[in-house]
Amino acid sequence: MSAKIIDGTEIARAVRQEVKQAVNERIDRGLPVPGLATVLVGDNPASAVYVRNKHKACAEVGIRSIARALPADATQAEVEAVVNELNQDNSVDGILVQLPLPRHLDEEKILAAISITKDVDGFHPVNIGRLAQKGRDPLFVPCTPAGVMVLLEAAGAQLAGANAVVLGRSNIVGMPVALLLVKANATVTICHSRTRDLAAVCRQADVLVAAIGQPEMVRQDWVKPGAVVIDVGINRVPDPTAKKGSRLVGDVAFSEVAQIAGAITPVPGGVGPMTIAMLLKNTLRARQLAEQQAIQN
Ligand code: NDP
């Protein structure tokens, strides 16, 4: 194996530690601790676990968290009313609406109802729009894409002028990662399910980010020697030798690609731990922005 392994667990720990220290300093100075509110609609078990993990992570760094839960048949107006109430609550700095929402709800409208100064998930259309514009910056960058950029930096990837290929164009991962890479002056190709000859496109990549949800689809001969490979995919595949009967793999065939890449993230232990770490960082930032705004007014 020749690739440097990018240790997302360790890098995420450092980010959480940095947030914890900043929160402790606030407490020492008698300043309010940041507050995060989560809004969970329905009873999707995976969403419930994600939300629980976010509250646990908040507690570990001293961020206050508030959980709002609504039933699966909550109306659009009821969900928006909760968001509006949290928008008005000065003790809440960040609002996270757990996705996916039940199908009868208008996700775009609910995300747009979040105050952009509390949009710690970075999915408000104004924040995403700013990400797509030259010379403008969003108040918050979506957490998983922000984590990808931190990992690229930790790997020492040279982004300016590099050929970057992003596999996937979802609103939550692929597209914002591509926009961030453009901001970092990479030349970016975005691939999706209609892309022809994916392998040939990937072979041009100095930086390859895979976010397609297809287990181990990226093979060794898709990767340029020395490329930096970030694997966002989290896929559960059957494995009779594992205790649970299954295991997690990424979108990249790790063991073979690691022999040729310059640096690579493992799954688990790569991008996964970064998402919550960046959420904590965004929540701290939301509190700091609220204070800056109060000074300006
Ligand atoms: P989506 O299903 O929303 O998007 C998948 C994207 O991949 C789409 O753009 C789709 O193309 C493209 N795609 C799917 N199959 C292929 C294929 N065979 N060839 C080329 N492109 C393909 O997924 P997400 O973006 O939400 O998530 C992607 C992966 O990242 C998943 O494994 C998910 O679990 C993981 N993830 C990990 C996170 C973390 O914290 N580490 C956070 C979020 C997601 P098209 O647009 O044409 O349909």
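Out of region 209-251, which residues are of a type in the set (A, V, I, L, M, F, W, C) and within 11 Å of the ligand (Cβ to nearest atom)? Full working, then the answer.
Going through region 209-251, the residues of a type in the set (A, V, I, L, M, F, W, C) turn out to be 209-212, 217-218, 222-223, 227-230, 232, 234, 237, 242, 248-249.
Answer for region 209-251, where residues must be of a type in the set (A, V, I, L, M, F, W, C) and within 11 Å of the ligand (Cβ to nearest atom): Val209, Ala210, Ala211, Ile212, Met217, Val218, Ile230, Val232, Ile234, Leu248, Val249.
Working only within region 28-51, note down all residues that are under 21 Å from the mean Cα position of the chain (by Cα) and either among the small types (Gly, Ala, Ser) or in a helix (DSSP H, G or I) (or both). Full working, then the answer.
Filtering region 28-51 down to residues under 21 Å from the mean Cα position of the chain (by Cα) leaves 34-41, 44-51.
Scanning region 28-51 gives Gly35, Ala37, Pro45, Ala46, Ser47, Ala48, Val49, Tyr50, Val51.
Tell me which residues, restricted to region 239-257, are under 23 Å from the mean Cα position of the chain (by Cα) and surrounded by fewer than 19 Cβ atoms within 10 Å (Cβ to Cβ).
Residues satisfying the conditions are Arg247, Leu248, Ala253.
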- Message: Pull out all pairs, ordered by first then second residue, where Cβ-Cβ is under 6 Å, the residues are six or more apart or on different chains, the first lies in region 263-279 and is closer than 10 Å to Val148 by Cβ, and the second is open to solvent by 10 Å² or more (accessible area, probe 1.4 Å) and within 8 Å of the ligand (Cβ to nearest atom).
- Response: Val271/Val232; Thr275/Thr144
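Just to confirm my filter: which helices (runs of 4 or more DSSP H) fall fully inside region 178-297 and include at least 3 residues that are under 17 Å from Gly168 (Cα atoms)? Step through it out loud before you land on a result.
Numbers: elements: 198-202, 254-257, 272-296.
Here the list reads 198-202.
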- Task: Evaluate region 22-41: report whether one residue or more is open to solvent by 60 Å² or more (accessible area, probe 1.4 Å) and in contact with a Leu (Cβ under 8 Å, 6 or more places away or on another chain).
- Result: no
- Task: Scan region 162-177 for residues that are in a loop (DSSP other than H, G, I, E, B), farther than 16 Å from Gly233 by Cβ and open to solvent by less than 60 Å² (accessible area, probe 1.4 Å) and jot them down.
- Result: Ala162
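Name every residue in region 48-89 that is within 16 Å of Ala290 (Cβ to Cβ) and without any contact (Cβ under 8 Å) to a residue 60 or more places away in the chain, in order of residue number. Before the answer, list the steps.
So the first thing to find is which residues in region 48-89 are within 16 Å of Ala290 (Cβ to Cβ), and the list is 63-64, 66, 86-89.
Within region 48-89, Arg64, Ile66, Leu86, Asn87, Gln88, Asp89 meet the criteria.
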- List the pairs whose first member sits in region 3-27 and is closer than 16 Å to Val267 by Cβ and assigned to a helix (DSSP H, G or I), whose second member is open to solvent by less than 60 Å² (accessible area, probe 1.4 Å) and charged (D, E, K, R), and whose Cβ atoms are under 7 Å apart, counting only residues at least 6 apart or on separate chains? none
- Item | Residue pairs meeting the criteria (Cβ under 8 Å; at least 6 apart or on separate chains; first open to solvent by less than 40 Å² (accessible area, probe 1.4 Å), in region 212-238; second polar (S, T, N, Q) and more than 6 Å from the ligand (Cβ to nearest atom)) | Val229/Thr265; Ile230/Thr265; Asp231/Thr265; Val237/Ser246
- Task: For residues that are more than 11 Å from the ligand (Cβ to nearest atom) and under 25 Å from Glu60 (Cα atoms), scanning just region 258-282, find the one that is surrounded by the most Cβ atoms within 10 Å (Cβ to Cβ).
- Result: Leu280
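Given the criteria more than 28 Å from Pro125 (Cβ to Cβ), touching a strand residue (DSSP E or B) at 6+ places or on another chain (Cβ under 9 Å), open to solvent by less than 60 Å² (accessible area, probe 1.4 Å) and more than 11 Å from the ligand (Cβ to nearest atom), does Asp206 qualify?
On the way: more than 28 Å from Pro125 (Cβ to Cβ): yes; touching a strand residue (DSSP E or B) at 6+ places or on another chain (Cβ under 9 Å): yes; open to solvent by less than 60 Å² (accessible area, probe 1.4 Å): yes; more than 11 Å from the ligand (Cβ to nearest atom): yes.
Yes; evaluated as a whole, the condition is true for this residue.
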- Query: Name the residues in region 137-183 that are polar (S, T, N, Q) and in contact (Cβ under 8 Å) with a residue 60 or more places away in the chain, would you?
  - Reply: Thr144
- Limited to region 74-124, what total is found for residues that are open to solvent by less than 30 Å² (accessible area, probe 1.4 Å), under 19 Å from the mean Cα position of the chain (by Cα) and of a type in the set (Gly, Ala, Ser)? 2
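The values are calculated or read from the model by the stated rules, or taken from the named source; none is laboratory data. Source: prediction; values computed, not measured. Because the Cβ atoms are built from the backbone with ideal geometry, glycine has one as well, and the counts that use them run over all protein chains shown. Accessible surface is based on the protein model in full, side chains and every heavy atom, while ligands, DNA and RNA are left aside. Shrake-Rupley method; radii C 1.70, N 1.55, O 1.52, S 1.80 Å.
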